[in-house]
Amino acid sequence: MTSFAPTDDYDKAIAYGDRYRFGDGKIESVAIPEEQFVPISFRRINDPVWRKKHRSPFTGYVYIRSRIVRGIYSGDKYDLYNRYYKDNKFAAAPSFRHIAEAFGYKDENTKPVRNWVKQLYAEGAFIIDKIDVGKPEPANIYVLGYNEQGKHVYYYDII
């Protein structure tokens with residue numbers, strides 16, 4: 001005797017499977033959602049046409065992740081290398097306007113990008129630090145992960 005007890009759902013599943021296997025009935029085709037998966041190649045994130053075609057919170061995350069500061073360079077205006085990277089943290093600081101322009105939004109429309117960042121933050125993709133830069137609003141710094149004994153650990157990868 002088995003501990004498995006068939007239910008009504010079980011009977012329906014068996015009937016459905018029999019109709020499919022033996023062709024007694026017509027099975028409705030299951031519609032696969034369009035653009036459910038985003039084909040990603042991390043080298044393609046720098047292609048503006050590809051970014052515009054595949055706008056989504058995940059590609060926004062990949063774009064932010066591609067902007068992690070890993071060394072001293074002239075574009076590091078918030079000194080992220082010394083503040084974060086030397087402390088084994090991965091940080092990036094693209095502004096909403098910069099991300100919106102990178103994804104082809106015009107007329108300074110940053111609302112979609114702001115929604116992406118809110119969604120990614122709620123999912124735990126990164127931690128947002130704020131740095132006072134002398135403007136009315138502090139700059140957002142996205143801390144995406146850390147380096148632990150030579151191993152790169154990203155918060156989005158361990159969710």
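Observations
- Take the conditions (1) buried (at least 19 other Cβ atoms within 10 Å of the Cβ); (2) closer than 23 Å to Arg43 by Cα; Ser74 misses just one of them, which is (1).
- So Ile141, is it loosely packed, with under 13 Cβ neighbours inside 10 Å, on the phi < 0 side of the Ramachandran plot and under 17 Å from the mean Cα position of the chain (by Cα): no
- Residue check, Gly124 surrounded by fewer than 16 Cβ atoms within 10 Å (Cβ to Cβ) and out of contact with any His (no Cβ under 6 Å at 6 or more places or on another chain): yes
- Residue within the stretch 81-93 that is modelled with pLDDT of 90 or more, surrounded by fewer than 12 Cβ atoms within 10 Å (Cβ to Cβ) and either charged (D, E, K, R) or part of a loop (DSSP other than H, G, I, E, B) (or both) present: yes
The values are calculated or read from the model by the stated rules, or taken from the named source; none is laboratory data. What you are looking at is a predicted structure, and each value in this text was computed from that prediction instead of being measured. Neighbour counts run over all protein chains shown; Cβ positions are idealised from the backbone, glycine included.
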